[in-house]
1. Looking at this structure, is D:LEU136 open to solvent by 30 Å² or more (accessible area, probe 1.4 Å), within 27 Å of A:ASP64 (Cα to Cα) and without any contact (Cβ under 8 Å) to a residue 12 or more places away in the chain?
2. Working only within segment E:1-14, note down all residues that are open to solvent by 50 Å² or more (accessible area, probe 1.4 Å) and either part of a loop (DSSP other than H, G, I, E, B) or within 20 Å of E:HIS39 (Cβ to Cβ) (or both).
3. Tally up the residues in segment F:48-61 that are out of contact with any Asp or Glu (no Cβ under 7 Å at 6 or more places or on another chain) and closer than 20 Å to F:ALA141 by Cα, please.
4. With segment B:33-146 as the region, which helices (runs of 4 or more DSSP H) entirely inside it contain at least 1 residues that are away from chain A (no Cβ under 14 Å) and farther than 30 Å from A:ASN135 by Cα?
5. In segment E:15-32, how many are under 18 Å from D:ASN84 (Cα atoms) and either without any contact (Cβ under 8 Å) to a residue 60 or more places away in the chain or assigned to a helix (DSSP H, G or I) (or both)?
6. Find the residue count for segment A:123-133, including only residues that are among the polar types (S, T, N, Q) and either in contact with a Leu (Cβ under 7 Å, 6 or more places away or on another chain) or open to solvent by less than 20 Å² (accessible area, probe 1.4 Å) (or both).
7. For A:ARG7, state whether it is within 25 Å of D:ASN99 (Cα to Cα), within 14 Å of chain B (Cβ to nearest Cβ) and in contact with a strand residue (DSSP E or B) (Cβ under 9 Å, 6 or more places away or on another chain).
8. So D:TRP112 clears everything in (1) in contact (Cβ under 8 Å) with a residue 12 or more places away in the chain; (2) within 30 Å of E:LEU78 (Cα to Cα) except one condition, right? Which one?
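The values are calculated or read from the model by the stated rules, or taken from the named source; none is laboratory data. Treat the numbers as computed from the prediction; the structure is a model and nothing was measured. Backbone-built Cβ (ideal geometry, glycine too); neighbour counts: all protein chains shown. Accessible surface areas use protein heavy atoms only, side chains included; no ligands, DNA or RNA. Shrake-Rupley method; radii C 1.70, N 1.55, O 1.52, S 1.80 Å.
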Number of protein chains: 6
Amino acid sequence: MTRLTQRYPFSASHRLHATQLSEEENCRVFGKCNNPHGHGHNYFLEVSVSGEADPVTGLLLQRDQFDSWVEKEILARLSYRNLNEEMEEFQTLVPTTENLAAVVTGALARGWADSFPNGTKLRFDRVRIYETRNNLFEMEAHEIQQ
Amino acid sequence: MTRLTQRYPFSASHRLHATQLSEEENCRVFGKCNNPHGHGHNYFLEVSVSGEADPVTGLLLQRDQFDSWVEKEILARLSYRNLNEEMEEFQTLVPTTENLAAVVTGALARGWADSFPNGTKLRFDRVRIYETRNNLFEMEAHEIQQ
Amino acid sequence: MTRLTQRYPFSASHRLHATQLSEEENCRVFGKCNNPHGHGHNYFLEVSVSGEADPVTGLLLQRDQFDSWVEKEILARLSYRNLNEEMEEFQTLVPTTENLAAVVTGALARGWADSFPNGTKLRFDRVRIYETRNNLFEMEAHEIQQ
Amino acid sequence: MTRLTQRYPFSASHRLHATQLSEEENCRVFGKCNNPHGHGHNYFLEVSVSGEADPVTGLLLQRDQFDSWVEKEILARLSYRNLNEEMEEFQTLVPTTENLAAVVTGALARGWADSFPNGTKLRFDRVRIYETRNNLFEMEAHEIQQ
Amino acid sequence: MTRLTQRYPFSASHRLHATQLSEEENCRVFGKCNNPHGHGHNYFLEVSVSGEADPVTGLLLQRDQFDSWVEKEILARLSYRNLNEEMEEFQTLVPTTENLAAVVTGALARGWADSFPNGTKLRFDRVRIYETRNNLFEMEAHEIQQ
Amino acid sequence: MTRLTQRYPFSASHRLHATQLSEEENCRVFGKCNNPHGHGHNYFLEVSVSGEADPVTGLLLQRDQFDSWVEKEILARLSYRNLNEEMEEFQTLVPTTENLAAVVTGALARGWADSFPNGTKLRFDRVRIYETRNNLFEMEAHEIQQ
């Protein structure tokens with residue numbers, strides 16, 4: 001078993017604001033991140049899969065197949081976007097990086113079977129998202145119901 | 001003469017859109033960065049000053065004086081902000097990082113005399129802004145009329 | 001379940017010297033790190049907690065609550081300090097980064113209940129300390145008796 | 001229990017080419033990496049061991065003992081080498097980083113008992129190899145039969 | 001005047017060997033880098049241009065125009081290549097990073113007028129190549145006769 | 001002309017305290033860095049030289065000659081040291097990184113002729129010292145009288 005982690009940078013903006021909280025509560029809970037005009041980040045997304053390398057090619061999987069899965073299922077919807085305005089999931093959820101990690105993990109899990117069809121012995125393991133160089137959110141793929 | 005460069009991270013969002021161009025032209029010129037909902041970055045601002053270290057303290061300047069100058073003149077207006085919506089300068093300028101470097105350099109230059117009053121032999125040298133880990137914009141302070 | 005890791009830089013000095021060993025043994029075991037005058041590092045401390053994000057705010061915890069816990073329980077005692085001279089724990093323990101990781105994990109574990117009082121479903125998971133960019137020590141929180 | 005991870009950079013070249021595949025298949029599977037003249041990387045190898053710090057010295061192990069183990073068992077054969085031409089293992093295996101991680105883990109596991117003779121309570125845990133700053137392969141040591 | 005620096009990673013292999021020197025001299029001068037089978041690196045190429053941002057778009061130049069220039073003139077010939085075997089320039093020159101910096105600077109200078117035709121007020125300033133994270137070679141563009 | 005910059009990490013400790021100032025003034029000027037027990041850093045030293053690559057070898061200079069110069073003239077006195085206690089220069093100077101940059105530049109300049117004897121067309125250009133990842137001090141070699 002080998003685990004491969006690929007790292008993808010993406011830039012996006014968000015505003016942290018919970019519709020169920022008052023203005024005062026939002027301000028207290030989210031501080032500067034509640035700024036009504038939003039702000040943004042250069043996130044780094046790390047996706048891990050594991051399995052056994054193919055005995056002929058020595059590859060766990062084709063790199064372009066991995067990239068296509070991540071691009072199609074989630075990066076195309078995140079990259080250069082405003083998370084609040086442009087992602088359906090964040091119409092009801094606050095786009096904290098905790099929730100973003102769950103949304104990304106869910107999207108990748110749902111697209112897994114399409115991108116890596118039956119017969120593959122790979123496992124989708126984990127998602128990590130760096131919001132800045134000093135904080136990191138991670139979710140195990142099995143936490144998400146597929 | 002010693003040059004000191006201090007690095008400050010800040011997160012902000014922007015949209016690249018020139019009011020003098022048509023929608024089609026904006027789309028062609030700015031691509032994904034023209035997305036009407038904006039996107040964002042973790043920028044790094046590097047500010048350089050030079051001069052001679054004080055013979056008694058061995059310091060070019062007090063670190064907190066440097067931080068106060070940068071915070072007051074520019075970071076307070078950039079950090080966790082939407083550059084298009086919340087900075088007066090970007091009501092008429094497109095918030096590209098080229099223009100951002102000029103705005104930052106100008107603001108630091110205008111506040112220089114206040115923060116480092118007469119008698120100081122320091123010189124404000126240069127501003128660098130990293131938009132991502134792969135691109136960097138820099139402006140020499142003397143390019144700006146103070 | 002999401003895991004959040006926050007990274008905190010701190011600078012400190014130490015000397016590696018075991019009182020139970022002879023000068024010769026100390027020299028052989030610790031090499032340059034046994035230098036009687038000490039030396040220092042820019043350490044990075046990474047602290048991980050996990051749990052479920054709050055359904056309203058989308059946050060695992062308040063960021064300032066996390067920072068306060070780490071600052072109060074341990075950073076205030078480490079930052080800009082001489083570990084041998086200024087930390088009670090290192091009157092009897094050699095301040096290797098192995099022992100430092102255990103001390104940090106213990107301090108954070110003991111302060112956990114105060115900072116995150118009953119009712120919270122969070123778990124304190126792990127401490128990582130980078131001594132340099134090339135070595136890293138980690139300890140699982142459950143290894144420490146709280 | 002503490003886990004120590006040490007990071008070692010090394011530069012090497014390789015060509016990805018499976019002798020059991022046709023030219024067309026090799027080209028399709030490996031793309032540019034099938035270039036007959038090869039290419040290269042600055043890899044980073046991270047090796048993790050865990051155990052209890054010695055109560056007298058506060059060390060998990062002697063750093064030079066760790067470095068010697070890694071240098072002798074594997075770095076001496078990798079550093080500044082052409083993996084295809086100069087490593088016996090890659091006469092039959094394709095030198096993908098998946099296979100490289102397995103070869104490194106196997107070599108370190110085989111040399112473990114020599115470098116850390118009986119009596120030690122240390123455990124060799126894991127190997128990680130970064131091929132670039134954006135991808136990473138890891139293998140748990142217990143996956144390898146020693 | 002603003003200066004923009006863009007960073008491009010590329011992987012390549014090389015062997016340091018001077019045909020005018022004996023085997024012994026090559027070994028003494030280049031050490032491990034003289035290994036007949038070659039080795040490789042993940043290089044980072046940084047290219048700097050300067051000029052005035054366009055008053056309408058706020059851009060120094062179109063990013064895709066910059067990328068095309070660098071890709072066409074040099075990256076296409078470097079990326080995933082063996083510098084000794086696949087670059088005409090290194091049939092007579094030793095592919096040290098000193099020489100590589102000169103070759104890259106020359107190629108970019110020769111292609112400059114094609115990619116940025118008359119009328120542009122931009123200037124091609126500088127090339128930097130990182131061979132590893134610990135060494136860096138730079139050449140000013142005006143050093144090269146265009 | 002090519003410029004080569006090599007980067008060297010070193011760990012050291014220091015205390016910022018000016019003997020000509022009162023305790024109160026020292027405390028005000030240096031803050032936490034005046035802690036009587038000292039603290040430390042993982043510094044990075046970057047040294048730049050420039051000249052023309054040798055037409056036969058393609059090298060600006062022998063790498064080991066560069067390393068020996070830096071090691072002998074300065075690193076041997078800095079690495080794993082307490083700057084206040086163990087460096088003669090800091091018996092009278094405060095070991096700020098401003099002064100450290102001047103001391104390093106002076107030492108490298110004085111040793112230059114020994115390490116690169118007559119005939120060489122190289123020039124020692126610049127010293128940079130990173131105290132942390134967020135601040136950097138640099139000095140041009142010609143500022144120092146050799």
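1. Values: open to solvent by 30 Å² or more (accessible area, probe 1.4 Å): no; within 27 Å of A:ASP64 (Cα to Cα): yes; without any contact (Cβ under 8 Å) to a residue 12 or more places away in the chain: yes.
When the stated conditions are applied, D:LEU136 does not pass them.
2. Going residue by residue through segment E:1-14, those that are open to solvent by 50 Å² or more (accessible area, probe 1.4 Å) are E:1, E:3, E:7, E:9.
Correct list: E:MET1, E:PRO9.
3. Just the residues of segment F:48-61 that are out of contact with any Asp or Glu (no Cβ under 7 Å at 6 or more places or on another chain), to begin with: F:51-52, F:54-57, F:61.
Narrowing further to those that are closer than 20 Å to F:ALA141 by Cα: F:51-52, F:61.
Number of matching residues: 3.
4. Values: elements: B:63-70, B:83-86, B:97-115.
Those helices (runs of 4 or more DSSP H) span B:97-115.
5. Here is the first cut: in segment E:15-32, the residues under 18 Å from D:ASN84 (Cα atoms) are E:15, E:32.
If we keep only those that are either without any contact (Cβ under 8 Å) to a residue 60 or more places away in the chain or assigned to a helix (DSSP H, G or I) (or both) too, we end up with E:32.
Number of matching residues: 1.
6. Within segment A:123-133, the subset among the polar types (S, T, N, Q) is A:132.
Those still in the list that are either in contact with a Leu (Cβ under 7 Å, 6 or more places away or on another chain) or open to solvent by less than 20 Å² (accessible area, probe 1.4 Å) (or both) too: none.
Summing the residues that are among the polar types (S, T, N, Q) and either in contact with a Leu (Cβ under 7 Å, 6 or more places away or on another chain) or open to solvent by less than 20 Å² (accessible area, probe 1.4 Å) (or both) in segment A:123-133 gives 0.
7. yes
8. In the conditions (1) in contact (Cβ under 8 Å) with a residue 12 or more places away in the chain; (2) within 30 Å of E:LEU78 (Cα to Cα), D:TRP112 misses (2) alone.
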